[in-house]
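The values are calculated or read from the model by the stated rules, or taken from the named source; none is laboratory data. These numbers were taken from a predicted model, which means no experiment stands behind them. When we count neighbours, we look across all protein chains shown, and the Cβ atoms used for this are built from the backbone with ideal geometry, even at glycine.
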Number of protein chains: 4
Amino acid sequence: MPSPRTDNDTFIHRARRTQLVDTAIAVIADLGTDRATISRIAAHAGVTRGVVTYHFRDRTSLFDAVVAHVYELAHRELDTRVHTTNDPRESLREFIIGSLDFYADHPAAMAALSAIYRSPDTPRSDRAEHRSEITDLQDILVAGTKSGQFRDFDPSVMADTIRAALDAALVRIRSGTDIVGEKRELWAIVDGATRITG
Amino acid sequence: MPSPRTDNDTFIHRARRTQLVDTAIAVIADLGTDRATISRIAAHAGVTRGVVTYHFRDRTSLFDAVVAHVYELAHRELDTRVHTTNDPRESLREFIIGSLDFYADHPAAMAALSAIYRSPDTPRSDRAEHRSEITDLQDILVAGTKSGQFRDFDPSVMADTIRAALDAALVRIRSGTDIVGEKRELWAIVDGATRITG
Amino acid sequence: MPSPRTDNDTFIHRARRTQLVDTAIAVIADLGTDRATISRIAAHAGVTRGVVTYHFRDRTSLFDAVVAHVYELAHRELDTRVHTTNDPRESLREFIIGSLDFYADHPAAMAALSAIYRSPDTPRSDRAEHRSEITDLQDILVAGTKSGQFRDFDPSVMADTIRAALDAALVRIRSGTDIVGEKRELWAIVDGATRITG
Amino acid sequence: MPSPRTDNDTFIHRARRTQLVDTAIAVIADLGTDRATISRIAAHAGVTRGVVTYHFRDRTSLFDAVVAHVYELAHRELDTRVHTTNDPRESLREFIIGSLDFYADHPAAMAALSAIYRSPDTPRSDRAEHRSEITDLQDILVAGTKSGQFRDFDPSVMADTIRAALDAALVRIRSGTDIVGEKRELWAIVDGATRITG
DNA sequence: TATGAATGAGGGTTCATTCAT
DNA sequence: TATGAATGAACCCTCATTCAT
């Protein structure tokens, strides 16, 4: 008996997987990873528990699919924006604004991703693997420092900090803050933090 | 119930509680709240599970003790530093540097606190109660804006962002970054983010 | 939660539930409610503990099923008998004899019901709900007093006492007394207690 | 070190035991045997848990002491009353009225005794042992039948039934029924049940 | 493709009991 | 006498997972 989890690739199969990933995202975003049990996800999707474990080998595999899905989304919607310009400051601005737009468009997806990456117990195989799919923030920062547009800072610390700031913004956005204000405030913060001191 | 969990105050009792709180902090910091089960904490402390439930009514109560302990630590080590000056920029600087110093001194404690406050399932009774004991970052920011030392920003967004940046720094510090560099970099970032634009 | 505990209705499912309810009745009747743990019931049924919690959400739900089952039994076997006549004394006699017959047919079921209703800790959701399904003894007594067949007594005290007498008879029947003798003796007692004094 | 549970017989020792037995009675009557844990009894008595297990080898032993105490009470207050007359009907009447008086005077004691004897899991060593201390109801019944004052019934069934009726009355008395009415009603019932049929 | 059934590990909690002080 | 400390068994419950159909 061929395990459909690996080789099957029918339409229904793909549709079910997509549906379950979407549901998982919603449940994880709402309840956190721990309470996002297979039972709850199945119930939320209107299917029996067995369906989930039929399409995904195990919980780890489902959560991996969630991560992959969100990264793919982000890749599609964000990367092109950042690469429309070669100007580091412009790129950085696009990255910030674009990220916030992305959060506003897919708050659950992003929240799920954060939740998964935050909880150390949540099973996932990869982590680093997908990171590269996304615009490398650090590259932008290094380029800006080299070009003299940014002041001289530790790019890894700065990248880390900016990501943390974006994460915090996500929480606010999910609770309904004004997205326009968020963009303005956050860009002002990041701009100030990177700019050459007068 | 004349359970020692509430009224006992012998030396051994206090010592055990302290030991268990410390162990809980270590386990929570390492594994996260969900995997910080009573069993694991007990094993890590080299005692049987019963010892934990003997000294703490339940898991909630143990986690509450952890929160209280860390807040007390932070209060003692941080608050006085910030209040030595009335200058908002100086206060902010003290807050940043002091926080990082505190993280360097008690990395696990701070990580545990973060973990507890982050996970929505983790049982804890208070939350807001202790918050006020600690320096209110937002007050400093508002004061600085009023005094004209800081630019005009949304203080709640700024406070949120700074806290997120500190949280991210904590992770780096726990993995062994140079604390001096961290202080320099983070203060530069925060200073730049709040400063009046040239 | 698409748990089979609620909506499933397959043959196996019903069979298991019936089996477990029957086993629960036996164990409760033998050991009392407190010692009728899920473990013991499962062991007695020859299944693992998980099977029980799979088919019944929790212990309360299992005990509720027991209560419902016994009430349904009693309803079917007893109610019709009592209502075949309108004569209060005849009704009362049918109630006594019928109850004892029922006890003889289902001694464990009745013992379990008694045990559940007696223990205040035992979880059960309903209690009063089903009471009405069964013949209301007190109504018969009031009717008999009004019609002049019974002497003038407090009907609630009398009903309470008769029920207690039946409960005591149940214990004897379970230990193997002669059912014919029980019927004769108990009816003589109740008849004498309610009859008009010569 | 001499275990005080067995041989010690100081004043304090006896006083403590009495106090604990009294408390146990109150707790058992209120909460039932299962919830009458050592902790709760100790708390209710205002002592630590250790005190209880110091004075009583184990829970069984404490419950045994409760049983013995109540039997002794009943013996003192009830037996003499019954034996003031040789007339079986008078004796029976004294037994009924006297029992109800006793229940009214010591409702908790009697309720505790019932609770202990009812629950099969409750640890107790004796049961039958003490029964003889109390007036043997069955003897009265047999005597009355022989003397022709009572009709011809199975004395063990009748005794059992009367005891059950008294138990039911105890519950009502504990919830505050009129004791005078109870005496009247119950004696009428028992009298009717035993009397020669007109 | 789907699912009902079963399993067993593990979690938190309560409690009687033992023991050293 | 008294008690604080510790222990371990047992409880109910949740869940991920496996398997036969």
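Taking helices (runs of 4 or more DSSP H) that fall entirely within the stretch D:1-59, which contain at least 2 residues that are modelled with pLDDT under 95, within 13 Å of DNA strand E (Cβ to nearest atom) and within 19 Å of the chain's Cα centre (by Cα)?
Details: elements: D:11-35, D:38-45, D:49-55.
Of the helices (runs of 4 or more DSSP H) lying wholly inside the stretch D:1-59, those with at least 2 residues that are modelled with pLDDT under 95, within 13 Å of DNA strand E (Cβ to nearest atom) and within 19 Å of the chain's Cα centre (by Cα) span D:11-35.
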Tell me, please, whether a residue that is near DNA strand F (Cβ under 9 Å from one of its atoms) and either surrounded by fewer than 21 Cβ atoms within 10 Å (Cβ to Cβ) or under 28 Å from A:VAL157 (Cβ atoms) (or both) can be found in the stretch B:53-65. yes
Restricting the stretch C:182-195 to residues that are over 15 Å from D:TRP187 (Cα atoms), at the interface with another protein chain (Cβ under 9 Å from one of its Cβ atoms) and hydrophobic (A, V, I, L, M, F, W, C), the residue that is surrounded by the most Cβ atoms within 10 Å (Cβ to Cβ): C:LEU186
In this structure, is B:ILE162 crowded, with 18+ Cβ neighbours inside 10 Å and under 12 Å from A:ILE189 (Cβ atoms)? yes
Note on A:GLU94: of the conditions (1) more than 16 Å from DNA strand E (Cβ to nearest atom); (2) of a type in the set (D, E, K, R); (3) free of Cβ contacts under 8 Å to residues at least 12 places away in the same chain, unmet is (3)
Tell me whether the stretch D:31-44 contains one or more residues that are within 30 Å of D:ILE189 (Cβ to Cβ) and not charged (D, E, K, R). yes
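Of all residues in the stretch D:21-42, how many are of a type in the set (A, V, I, L, M, F, W, C), within 14 Å of chain B (Cβ to nearest Cβ) and either surrounded by fewer than 18 Cβ atoms within 10 Å (Cβ to Cβ) or within 23 Å of D:TYR117 (Cβ to Cβ) (or both)?
Count: 5.
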Every residue from the stretch B:153-181 that is closer than 14 Å to B:LEU100 by Cβ, in contact (Cβ under 8 Å) with a residue 40 or more places away in the chain and within 7 Å of chain A (Cβ to nearest Cβ): B:ASP167
Which residues, taken from the stretch C:149-191, are in contact with a Leu (Cβ under 8 Å, 6 or more places away or on another chain) and of a type in the set (Lys, Arg)? C:ARG163, C:LYS183
In the stretch A:76-89, anything part of a helix (DSSP H, G or I) and farther than 18 Å from A:ASP152 by Cα is listed as A:ARG76, A:GLU77, A:LEU78, A:ASP79, A:THR80, A:ARG81, A:VAL82
If we scan the stretch D:66-74, do we find a residue that is within 16 Å of DNA strand F (Cβ to nearest atom) and surrounded by 19 or more Cβ atoms within 10 Å (Cβ to Cβ)? no
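One line per residue, one yes/no per condition, for (1) without any contact (Cβ under 8 Å) to a residue 40 or more places away in the chain; (2) under 27 Å from C:ILE41 (Cα atoms):
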position: C:ARG76; (1), (2): yes, yes
position: C:THR80; (1), (2): yes, no
position: C:GLU90; (1), (2): yes, no
position: C:TYR103; (1), (2): no, yes
What is the one condition in (1) at pLDDT 90 or above; (2) part of a loop (DSSP other than H, G, I, E, B) that D:ALA65 does not satisfy? (2)
Does B:ASP105 satisfy the criteria of being out of contact with any Phe, Trp or Tyr (no Cβ under 7 Å at 6 or more places or on another chain), away from DNA strand E (no atom under 16 Å from the Cβ), at pLDDT 85 or above and not hydrophobic (A, V, I, L, M, F, W, C)? yes
Cβ-Cβ below 7 Å, separation at least six or inter-chain, first residue in the stretch B:50-73 and free of Cβ contacts under 8 Å to residues at least 60 places away in the same chain and among the aromatic types (Phe, Trp, Tyr), second away from DNA strand F (no atom under 13 Å from the Cβ) and in a helix (DSSP H, G or I): which pairs? B:PHE56/B:LEU62; B:PHE56/B:ALA65
